[in-house]
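Colleague: I am attaching a structure below and will ask some questions about it afterwards.
The values are calculated or read from the model by the stated rules, or taken from the named source; none is laboratory data. What you see is a predicted model; the values in this text were computed from it and never measured. Cβ atoms come from the backbone with ideal geometry, glycine included; neighbour counts cover every protein chain shown.
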Amino acid sequence: MQDIYLTIAPEVRVALDNSRPVVALESTIISHGMPYPQNVETALRVEKIVRDAGAVPATCAIWEGRLRAGLNPAEIDQLGRLGPKIPKASRRDLPYLLSQGKHGATTVASTMIIADLAGIRVFATGGIGGVHRGAETTMDISADLPELAHTPVAVVCAGVKSILDIGLTLEYLETQGVPVIGYQTDEFPAFFTRESGFGVDVRLDSADEIAQLLRAKWATGLRGGVLVANPVPPAFEADPAMIENAIAEALDDAGRQGVKGKDITPFLLAKIEEITGGKSLATNIELVCSNARLAAEIAVAMAKDNPAAW
Ligand code: PSU
Ligand code: MN
């Protein structure tokens, strides 16, 4: 990897060089997933949660044509203020943005790529992309899923929203050999709500056990990612009926307006927030914070382990 394309923030580099815990964070959630100023407030709060749990945060983005692992607060503020003016950047968008010296807000897929290049093994987000409803005709499957298949990073999320086909998303992950771990749950969560009607492959109740699973996977050469599903804390769970109604209306609007491709996920997220009068935003913020805490605990557990075993 040529350093002309990757910049690791000094604090992140020092932590990695000393085998100290680091947690990667994405930036599509800042520019496209939440409105300003809640997006910036949340991004900074998430970084503080990671620090308080004993790890170093590395918010990732494309900045002036470089892959960045670690942004400073002024850069995070700019990502939040510019919002959707910053292009959403998944795997296929990287060569263009890098070669043109542009900015980009990284999705789960591209944040995993940056984390892997930098040597960061744990990443916290809100929800991942997946197989869309109707994918049997549209073929709309997020690039996050093949990335989880190939790139050795553990992604802590609150499950997937039912804007997606949750069953098909889990089938895809199974085919691609991606372990789906339920943290203190037997049920795969549906982002805003703790239950989806679908189970997880395995339930693990502690960060230590998750770290041991990661070690077993990577020490045996089973490359690729792991999905850790952490249900939203009960106090912040949204009303399932409100969410289902909002999603149905949002999907309807998207269909009528012909929204397609990379615009569909941000469109649906913004619509749901508009329809629920911001109630879904409060849930979104709290689940991201909860995921950041768990990701930091996993990174701390990995760093405590014997490095020679990895
Ligand atoms: N789902 C959410 N919130 C998000 C996203 C997905 O609940 O912010 C963002 C993430 O960055 C994810 C991306 O990686 O959308 C997936 O987009 P697509 O479906 O176009 O791959
Ligand atoms: Mn898509």
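Colleague: Out of the residues in segment 130-154 that are outside any strand (DSSP E or B) and crowded, with 24+ Cβ neighbours inside 10 Å, state the one that is farthest from ligand 2 (Cβ to nearest atom). Walk me through how you get there before you give the answer.
Modeller: Step one: list which residues in segment 130-154 are outside any strand (DSSP E or B), which gives 130, 133-140, 142-153.
Pick out the ones that are also crowded, with 24+ Cβ neighbours inside 10 Å and you get 130, 142, 144, 147-148.
Numbers: GLY130: 9, SER142: 5, ASP144: 9, GLU147: 13, LEU148: 15 Å.
Looking at the filtered set, the residue picked out is LEU148.
Colleague: Could I ask something else about it? Condition first: among the hydrophobic types (A, V, I, L, M, F, W, C), closer than 25 Å to ALA248 by Cα, out of contact with any helix residue (DSSP H, G or I) (no Cβ under 8 Å at 6 or more places or on another chain) and not in a loop (DSSP other than H, G, I, E, B). Can you find one or more residues in segment 155-164 that meet it?
Modeller: Filtering segment 155-164 down to residues among the hydrophobic types (A, V, I, L, M, F, W, C) leaves 155-158, 160, 163-164.
Going one step further and asking which of them are closer than 25 Å to ALA248 by Cα, we end up with 157-158, 160, 163-164.
Adding the requirement that they be out of contact with any helix residue (DSSP H, G or I) (no Cβ under 8 Å at 6 or more places or on another chain) leaves 164.
If we keep only those that are not in a loop (DSSP other than H, G, I, E, B) too, we end up with 164.
Yes, some residue in segment 155-164 is among the hydrophobic types (A, V, I, L, M, F, W, C), closer than 25 Å to ALA248 by Cα, out of contact with any helix residue (DSSP H, G or I) (no Cβ under 8 Å at 6 or more places or on another chain) and not in a loop (DSSP other than H, G, I, E, B).
Colleague: Do you know which residues across segment 5-17 are in contact with a helix residue (DSSP H, G or I) (Cβ under 9 Å, 6 or more places away or on another chain) and not in a helix (DSSP H, G or I)?
Modeller: Selection gives TYR5, LEU6, ILE8.
Colleague: Continuing with this model, one more query. Of the residues ASP205, ASP186, which single one is touching a Lys or Arg at 6+ places or on another chain (Cβ under 7 Å) and surrounded by fewer than 17 Cβ atoms within 10 Å (Cβ to Cβ)? Quick ask: steps written out before the conclusion?
Modeller: Numbers: ASP205 fails: touching a Lys or Arg at 6+ places or on another chain (Cβ under 7 Å).
None of the others qualify; the one that does is ASP186.
Colleague: Within segment 100-111, does at least one residue satisfy the condition of being aliphatic (A, V, I, L, M), more than 13 Å from ligand 1 (Cβ to nearest atom) and either in contact with a strand residue (DSSP E or B) (Cβ under 6 Å, 6 or more places away or on another chain) or at pLDDT below 95 (or both)? Quick ask: steps written out before the conclusion?
Modeller: As a first pass, look at segment 100-111 and keep what is aliphatic (A, V, I, L, M): 105, 108-109.
When the remaining residues are screened for being more than 13 Å from ligand 1 (Cβ to nearest atom), the result is none.
So far as segment 100-111 goes, no, none of its residues is aliphatic (A, V, I, L, M), more than 13 Å from ligand 1 (Cβ to nearest atom) and either in contact with a strand residue (DSSP E or B) (Cβ under 6 Å, 6 or more places away or on another chain) or at pLDDT below 95 (or both).
Colleague: GLY33 is checked against (1) part of a helix (DSSP H, G or I); (2) within 16 Å of ligand 2 (Cβ to nearest atom) and fails just one. What number does that condition carry?
Modeller: Condition not satisfied by GLY33: (1).
Colleague: What residue, of LYS279, LYS217, LYS262, is away from ligand 1 (no atom under 12 Å from the Cβ), modelled with pLDDT under 95 and surrounded by 14 or more Cβ atoms within 10 Å (Cβ to Cβ)?
Modeller: Details: LYS217 fails: modelled with pLDDT under 95; LYS262 fails: away from ligand 1 (no atom under 12 Å from the Cβ).
Result of the check over LYS279, LYS217, LYS262: LYS279.
Colleague: So SER162 clears everything in (1) among the small types (Gly, Ala, Ser); (2) under 21 Å from ALA292 (Cα atoms); (3) out of contact with any Gly (no Cβ under 7 Å at 6 or more places or on another chain) except one condition, right? Which one?
Modeller: Unmet condition: (2).
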